[in-house]
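Just so it is clear, none of the values below were taken in a lab; they were calculated from the coordinates. Bear in mind that the values here come from a model prediction, so they are computed numbers and not experimental data. FYI the Cβ positions are ideal-geometry reconstructions off the backbone, even for glycines, and counts take in every protein chain you see.
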Amino acid sequence: MKKKTGSDKRGTEARFSLGAAMLRVQIKTLPTSPGVYRMMGTDGEPLYVGKAKNLKRRVSSYTQRARLPVRLQRMVSLARGLEITVTRTEAEALLLEANYIQRFMPPFNILLRDDKSYPSILITRDHDFPRLSKHRGMRKQKGWYFGPFASGTAVTETLQDLQRGFMLRTCSDADFSRRQRPCLQYHIKRCTAPCVGRVDHEAYARQVADALDFLKGKNASVQKKLAMAMQRASESLDYEKAAQFRDRIKSLSAIQSSQIVYVPGLHDADVLALHQAGGKTVVQAFFFRMGRNYGARLFYPKHDRDQKPAEIMAAFLAQFYADKEAPPLILVDTMPAQSALLAEALSARLAEGRVSIVVPRQGARKRLIEMARRNAEEALARHLSEKKTQAFLLRRVGEIFGLSNPPSRIEVYDNAHIAGAFPVGAMIAAGEEGFLKKTYRTFTIRAASPDDDFAMMEEVLTRRFKRLTDEDPDRASSLWPDLVLIDGGAGQVSRARAVLDACGCANIAVVGIAKGPQRNAGRERFFVPGRTPFSLDPDDPVLYYLQRLRDEAHRFANGAHKGKRTRALSQSRLDDVPGVGSLRKKALLNHFGSAKAVAEADVDDLVRVPGISHAVARKIRDYFDA
């Protein structure tokens with residue numbers, strides 16, 4: 001490791017002093033109440049979000065360099081502004097802090113990078129005949145929600161069994177209102193067809209009540225009721241009906257037998273185990289609702305090496321439940337920092353009851369935590385193994401292309417169009433974490449001719465690096481690539497090199513990758529400025545890695561092009577006519593048959609269309625005449 005010189009240390013101290021001086025000015029006007037503070041960088045983006053019981057005292061602590069860890073010293077060195085939000089209590093501040101972290105993703109916070117929305121089962125309450133469905137997102141619709149499930153597949157499978165067991169409708173309210181005869185779901189015994197009166201309101205309400213009881217954990221009473229109904233049907237020699245009850249009981253049994261883990265007495269709870277190794281952390285989560293296991297998920301929070309497990313667990317819980325209701329019981333293997341405050345904050349989101357955060361010490365719950373911890377250990381071992389492989393590939397890429405260090409970020413560029421129509425450029429990125437999909441970008445080609453691939457690439461690179469230079473002139477962010485990979489040969493590389501040099505990015509390496517003779521994969525040639533084009537051994541894992549990067553850029557570019565083409569095909573000339581909305585557009589197309597016929601119609605013809613007044617007809621005619 002390179003040792004810091006005296007000038008380096010003096011520069012670091014000077015930058016810290018600059019940030020600390022800004023904070024001292026701000027401290028004079030800060031209140032002593034609870035709240036959330038945001039340290040802002042030169043570009044106005046948050047560097048760090050924190051909560052405080054006393055804002056003045058907490059922010060003052062950042063001016064004392066000797067008491068800060070290196071991570072926070074770097075943060076203060078970059079800070080150029082401070083914003084605060086005052087709250088009534090420290091618990092409110094904790095919830096607001098978690099929301100801000102999820103929203104801004106500040107680089108000096110522990111970050112839970114989880115963009116997944118968790119599906120639930122919903123039985124609606126705003127219709128005479130409630131609907132059974134899968135739900136994602138905010139819980140705005142009136143109804144009973146059950147979840148979260150770890151995956152959409154788990155919800156779909158459970159919904160199918162619930163349909164067989166309780167025969168509730170799954171169609172939309174619009175389909176329900178239009179239906180004139182039973183649909184396929186009725187004929188395959190998954191719905192009682194309330195849409196056409198095959199079941200009355202009272203009987204359907206009993207179906208809904210049984211489904212709710214089952215989802216609330218009253219499995220035995222529901223299955224006993226169905227068994228008794230089956231017995232009565234059998235005794236009255238109605239064997240077809242008895243068989244239906246038998247199949248319903250089997251479907252409900254399938255839901256219960258599909259659970260991976262069952263713990264007696266565990267009703268609504270999340271089970272979380274944390275494991276650290278190699279500077280990385282994984283959290284294994286099991287979700288239990290209504291006494292049943294609804295699946296598991298792994299999370300890899302981003303944090304600095306000096307942060308402790310209790311801090312990481314606290315940040316994880318606050319951010320994970322920032323947009324969802326916590327269960328009454330959270331079992332953990334690591335008690336989070338400020339657990340009492342965290343439990344108070346999470347309890348504020350519950351309609352009734354409190355959230356308890358517990359470390360089990362014995363019995364079935366402890367065994368469950370130990371199982372979660374074993375899963376976490378094995379998962380992190382696999383993750384680190386993959387990271388080692390990725391690090392090896394990046395190191396070899398650096399060696400092959402003559403870079404001074406292994407690239408931490410590689411950007412790959414490609415273009416897509418068909419006969420010059422809907423041209424787009426695309427950029428994908430990859431690094432130590434694999435593909436960095438959140439940073440992918442598309443570029444609508446504006447100036448360059450779609451017939452000129454060189455000009456298209458030049459436009460994309462110019463826009464990308466001019467904007468990056470304007471937004472981050474100090475290159476403090478992680479969005480700067482070490483290597484730019486172009487799908488093309490010597491000409492493309494030469495043009496790309498000229499663009500980067502003109503943008504002040506001479507230190508960024510450029511490499512071209514072009515398919516060999518007959519465009520065979522495995523015979524690619526690589527073009528590096530100042531070197532003779534060369535190929536890699538077909539068995540070299542680096543060749544396969546570079547092919548994957550190129551193919552991912554190609555896939556992403558084609559997807560963006562296809563999306564633009566599809567949207568264009570779905571548009572109509574009527575979309576831009578003033579005064580013509582979706583209903584009038586539909587009426588016009590139904591009357592005339594096409595947008596071309598509408599454009600050729602005169603005012604007298606147009607006013608014959610329902611909903612088209614003389615004034616609107618005149619607007620339509622004027623639009624097409626112009």
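May I ask for the distance between the Cα centers of region 363-406 and region 134-169, given as a whole number of Å?
Their Cα centres are 34 Å away from one another.
Using r as the Cβ-Cβ distance of THR153 and LYS241, and R0 as 45 Å, what FRET efficiency do you calculate, to the nearest 0.05?
0.90
Using the basic label-point model (7 angstrom from Cα toward the beta carbon), what is the GLU370 to MET228 distance in nanometres?
Here the answer is 4.2 nm between the modelled labels.
Given Cβ point charges of +1 (Lys, Arg) and -1 (Asp, Glu) and nothing else, what value in debye, to the nearest 20, does the dipole of region 269-381 about its Cα centre take?
For this selection, approximately 320 debye.
In debye, nearest 20, what is the charge dipole magnitude of the chain about its Cα centre with +1 on Lys and Arg Cβ and -1 on Asp and Glu Cβ, if you could check?
Using Cβ point charges on Lys, Arg, Asp and Glu, the chain gives about 1420 debye.
Tell me, how many Å apart are the Cα centres for region 307-356 and for region 573-609?
So the separation of the two Cα centres works out to 57 Å.
Please give the length that would be gained between SER61 and ASP213 if that part of the chain were fully extended, namely 0.36 nm times their separation in residues minus their C-alpha to C-alpha distance (nm, one decimal).
49.4 nm
Residue by residue through region 51-68, what is 3J(HN,Hα) from phi via Karplus (6.51 cos²θ - 1.76 cosθ + 1.60, θ = phi - 60°)? Round to whole Hz and write x for glycine and proline.
Once θ is set to phi - 60°, the couplings for region 51-68 become 10, 8, 6, 9, 4, 4, 5, 5, 5, 4, 5, 6, 8, 9, 4, 4, 9, 9 Hz.
Under 12 Å Cα-Cα from LYS619, which aspartates and glutamates qualify once same-chain neighbours fewer than 8 residues away are excluded?
ASP576, ASP602
List the aspartates and glutamates whose alpha-carbon lies under 16 Å from that of LYS140, not counting same-chain residues fewer than 8 positions away?
ASP126, ASP323, GLU325
When only Cα pairs under 8 Å and 6 or more residues apart are kept, what is the percent relative contact order across the chain?
For the chain, the relative contact order is 8 percent.
Cut-off under 13 Å on the C-alpha distance; same-chain residues fewer than 8 positions from LYS216 excluded. Which aspartates and glutamates are left, in chain and number order?
The qualifying aspartates and glutamates are ASP268.
³J(HN,Hα) across region 610-618 via Karplus (A = 6.51, B = -1.76, C = 1.60, θ = phi - 60°), whole Hz, x for Gly/Pro?
x, x, 9, 7, 4, 5, 5, 4, 5
Share of antiparallel DSSP beta bridges in the chain, in percent to the nearest 5?
That works out to approximately 75 percent antiparallel.
Give me the one-decimal nm value for the distance between modelled label points at LEU298 and ALA626, 7 Å along each residue's Cα-to-Cβ direction.
Going by the 7 Å Cα→Cβ label model, 5.9 nm.
Would you mind checking the pairs LYS224/LYS324; LYS142/LYS280; LYS308/LYS388; LYS562/LYS586; LYS324/LYS388 and listing those with alpha carbons more than 31 angstrom apart?
LYS224/LYS324; LYS142/LYS280; LYS324/LYS388
Quick check: pseudo-label points 7 Å beyond the Cα along Cα→Cβ at ASP501 and HIS127, how many nm apart are they?
So the two model labels end up 6.6 nm from each other.
Taking R0 as 41 Å, what's the FRET efficiency between SER494 and ALA337 from their Cβ-Cβ distance, rounded to 0.05?
0.15
Whose amide H sits under 5 Å from the amide H of VAL510, counting only residues 5 or more places off or on another chain, with H placed in the peptide plane?
VAL484
Looking at region 22-115, which trypsin sites (Lys or Arg not before Pro) are DSSP coil and have at most 16 other C-beta atoms within 10 Å of their C-beta?
Passing sites in region 22-115 are LYS28, LYS53, ARG80, ARG88, ARG113.
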